[in-house]
Structure formats: C-alpha cells, structure tokens
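The values are calculated or read from the model by the stated rules, or taken from the named source; none is laboratory data. The structure displayed is predicted, hence computed values, not measured ones. Every residue, glycine as well, gets a Cβ built from its backbone with ideal geometry; the counts of neighbours run over all protein chains shown. Side chains are part of the model used for accessible areas, which takes the heavy atoms of the whole protein and leaves out ligands, DNA and RNA. Shrake-Rupley method; radii C 1.70, N 1.55, O 1.52, S 1.80 Å.
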Amino acid sequence: MSLSGKTAVVTGSNSGIGHGIAVELAKAGANVVINSFTDRPEDHEMAAEIARDHSVEARYIQADMSDGDQCRALIEKAGACDILINNAGIQHVQPIDQFPAETWDRIIAINMTSAFHTTAAALPKMRAAGWGRVVNIASAHGLTASPFKSAYVTAKHGVVGMTKVVALETAEEPITANAICPGYVLTPLVEAQIPDTMKEYDMTREEVIRNVMLQRQPSKQFATVEQMGGTVVFLCSDAAAQITGTTISVDGGWTAL
Ligand code: NAD
C-alpha cells in the first residue's frame, strides 16, 4: 500500500517504538515528522536518515509533550497532519503510597494529556484534508494492571478511553481512531527497568527478562518496533477504514491470559 502524499506526526519518536513506527510509515511512502523534547544534531540527523533511506520528506520538530501548548505547536509546525501517532511515554515504578506526586503529574501529562492536545489540534487538519488516522500507543497496561505502575496504568487506561471518544466524534467522517496495546517491546524504556528489577529480585538479566518481564507474555518473546510500525501501517490502510474506536493488542497473548 502507499501512504504517499500523507504526512504523519509521531510524538516521542527519536527512540524505540516511535522511531520504528516513523520508519515503517516512511517505508509505506508517508512523509514523517519525528519529535522529542531535545534539540540535538543527532535528532535532526535521524530525520535526514529516514528521508534518505525511504525517499520521503522527514523533519525533526522539537516539542515537549509535558506542555499542552508545545503539543499543539508541534501539530501547527508540522503543517499537514493526516496521520497522528501519540506515542511519547515515560515510566516510573514505585508503590502508590511512595509514588512522588510530581512524577504522577508528569506521567499523566506526557502519556495521556499530550494526546488530548495533539488530537484537538490535528482533527481540523484531517477534516480539511478529508482523511485522517489517529493511532494512540497505549499498552497492555491500558487493559490490565500491574502493581507499582499506578500513574502509567491510569494514563494508559485513559488513553484507551480517549481513543473511543475520538472514534465516536469522527464516526461519520473518513477518520478513524484506534489504540495499539503492546506487551513488552525491548526499547530503552524497558531496558531502564532491568537493573532495578535485577536488584529487587536478586536475579540475572536473563532471569529478569524471562521470569519477570515475559512472565505474563505467553509467547516468551518481546514484540518488536517493526511489528508496532507494521500494525500502524495496517491501521492506515483501506482495509482498516471501518476499524475505529478499538484496541489492537500486540502482546504475545498477554491479555488472553
Ligand atoms: P522509549 O523510551 O524508547 O521512547 C520514548 C520516546 O518518548 C522517546 O523518543 C523520548 O524521547 C520521548 N519522550 C519522553 N518524554 C518526552 C517529552 N516530554 N516530550 C516529547 N517526547 C518525549 O520508550 P518506548 O518503549 O519506545 O515507548 C514508546 C511508547 O510505547 C510509550 O508510550 C510507552 O508507554 C509505550 N509502550 C512501550 C512498551 C514497551 O515494552 N517498550 C510496551 C507498551 C507500551
């Protein structure tokens, strides 16, 4: 399929899943805007590399997704926004009675509220273009819970709810809104959780991966960023035009348990 002529904005995409999604969208012919809160030469080089490799237009636009005005400014600076991927996200793991309030606020802002602002800014552009796709990167933790991840689980459940509302508000238009719910994908966000878990359970890296992280993932394999990107491309295809307001789990069977 070709997404040639479409512009995709992927929040939080100088790393991990967001970068993987931007690459798969570019492979499918879309022009892409990648984003994070930093403004380093390597961020812009990453966009240039995508442009070179896939013969599309690719830009890096700095915007901090913890700030509503910057979320909206990202969409304005992008110009067109036919495909919006709300992907930026952070994690913090601590029991709720010790969870720092400012960390709670930051996770809710980046993982959930940013999608409100970007969607609000992007929908008028999709309506003007007569076509649009919103894909929110939620999580298996948007459908189920784990202890010590109160802010993350709350934000991801919220994103799933917001996805349904956006789908209903656009139901009669050529716009869809869906959420992808990944299980564990080996990205820097997950890597960062390994050392603490090794200490907590006195386990080796391999034991943490198999017995803790993949314990709830029946396939016993990490999902990949390419699979996330492929699922996004499918949701942008004509075959998915009547798929709206739902979640697609890419979790090796986690939510079947
Ligand atoms: P990652 O840490 O590799 O990437 C997160 C991205 O968000 C980075 O590009 C980072 O720069 C960006 N980001 C962080 N704070 C930001 C801010 N304030 N403004 C703009 N950008 C910001 O993590 P990832 O694993 O690729 O996660 C991407 C998304 O996928 C997140 O929403 C995460 O919750 C979700 N997810 C990940 C997994 C997994 O196992 N890795 C599973 C389920 C869901």
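If you bin every alpha carbon distance in region 147-257 into 10 Å steps from zero, what whole percent lands in each bin? With a bin width of 10 Å, the distribution comes to 13, 36, 32, 14, 4, 0. Full extension of the chain segment joining residue 99 with residue 204 gains 35.2 nm, where the gain is 0.36 nm per residue of separation less the Cα-Cα distance. Taking Cα atoms only, the orientation of helix 16-27 departs from the longest principal axis of the chain by about 30 degrees. On the basis of the beta-carbon distance and an R0 of 45 Å, residue 173 and residue 51 show a calculated FRET efficiency of 0.90. Grouping the Cα pair distances of the chain into 5 Å bins from zero gives a pair-distance distribution of 1, 7, 14, 18, 20, 17, 12, 7, 3, 1, 0, 0 percent in increasing distance order.
Between residue 224 and residue 196, the FRET efficiency estimated from the beta carbon spacing at R0 = 30 angstrom works out to 0.80.
Taking 15 Å as the straight-line reach from the Cα of residue 6, the aspartates and glutamates in range (excluding those fewer than 8 positions away in the same chain) are 24, 57, 82, 238.
Accessible surface comparison of 216, 106, probe 1.4 Å, protein chains only, largest first: the order is 106, 216. The angle between the Cα long axis of helix 225-235 and the longest principal axis of the Cα atoms of the chain comes to about 40 degrees, rounded to the nearest 10. Distance between the modelled labels on residue 144 and residue 215, one decimal in nanometres: 1.2 nm (7 Å Cα→Cβ projection).
Solvent-accessible surface of the chain, averaged per residue with a 1.4 angstrom probe and all protein chains in place: 44 square angstrom.
In the structure shown, do any of 125/220; 27/156; 27/220 have a Cα-Cα gap over 30 Å, and if so which? It would help to have the intermediate numbers written out before the result.
Numbers: 125/220 41 Å; 27/156 28 Å; 27/220 28 Å.
In this structure, 125/220 exceed 30 Å between Cα atoms.
The long axis of helix 150-169 is offset from the longest Cα principal axis of the chain by roughly 30 degrees.
Note on region 35-55 and region 100-139: Cα centroid distance 22 Å, given to the nearest whole angstrom.
Cross-link reach is defined here as a Cα-Cα straight distance under 15 Å, omitting same-chain residues fewer than 8 places apart; for residue 164 the aspartates and glutamates meeting it are 172, 173.
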